[in-house]
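Novice: I have a structure I would like to understand better, so I am pasting it below and will then ask my questions one at a time.
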Amino acid sequence: MSGSLRAALRLGVWAARGRPGRRHLSEAAAGSAGGSGGADGGSGGGSGSREAVERLVREHPVVVFMKGSPAQPLCGFSNAVVQILRLHGVEDYRAHDVLQDPDLRQGIKNYSNWPTIPQVYLNGEFVGGCDILLQMHQNGDLVEELKKLGIRSALLDAEKDQEKK
């Protein structure tokens, strides 16, 4: 387990924030800032527009908006999300570096009505950030959510291997 993930576990960031967990896209849309969507007011097709963000969210079953890339995360929380996905054997996902595009960075926050990065989407549904993904990992919900996407968690195989020994 990486140092960042251990630190997140110790700090209990998911409990400290006290935010609700998953919200469906329709709820996020209804609750977004003024309903306008992206950083450009939701009117054009810029990278931060509601339409552009929705295309990105729906482009793949697992989508992460993060700081940096999976190969080189640029913040501890983004790194923790990458490590959790790795633990579950999820290698096929789309990652978007919000540091490369300020409009996208603000647009995804407006879209989800969630103020922080990283943000994780499963099958077009906003799951939450590092804190929520960590909580789902710890309580087993992530295994179930991945199963709904047709992804078998590597942790299930690791469990079987341990039982054989």
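Bear in mind that the values in this text are calculations on the coordinates, not laboratory data. Because the structure is predicted, anything quoted here is derived from the model rather than measured. Counting neighbours? That spans all protein chains shown, and the Cβs are built from the backbone with ideal geometry, glycine included.
Novice: How high is the relative contact order of segment 50-163? Use alpha-carbon pairs under 8 Å, at least six apart in sequence, and give a whole percent.
Specialist: For segment 50-163, the relative contact order is 30 percent.
Novice: Another one. If each of residue 94 and residue 59 carries a label point 7 Å out from its Cα toward its Cβ, how far apart are those two points in nm?
Specialist: Here the modelled spin labels are 0.5 nm apart.
Novice: Starting from 0.36 nm per residue, how many nanometres of slack lie between residue 152 and residue 125 once their C-alpha separation is accounted for?
Specialist: 7.8 nm
Novice: Based on the Cβ-Cβ distance of residue 138 and residue 86, what FRET efficiency does E = 1/(1 + (r/R0)^6) give at R0 = 22 Å, to the nearest 0.05?
Specialist: 0.90
Novice: Additional query: Per the Kirkwood formula on distinct C-alpha pairs, the Rh of segment 50-163 is how many angstrom?
Specialist: Taking every pair of different Cα atoms in segment 50-163, averaging 1/r and inverting gives 14.2 Å.
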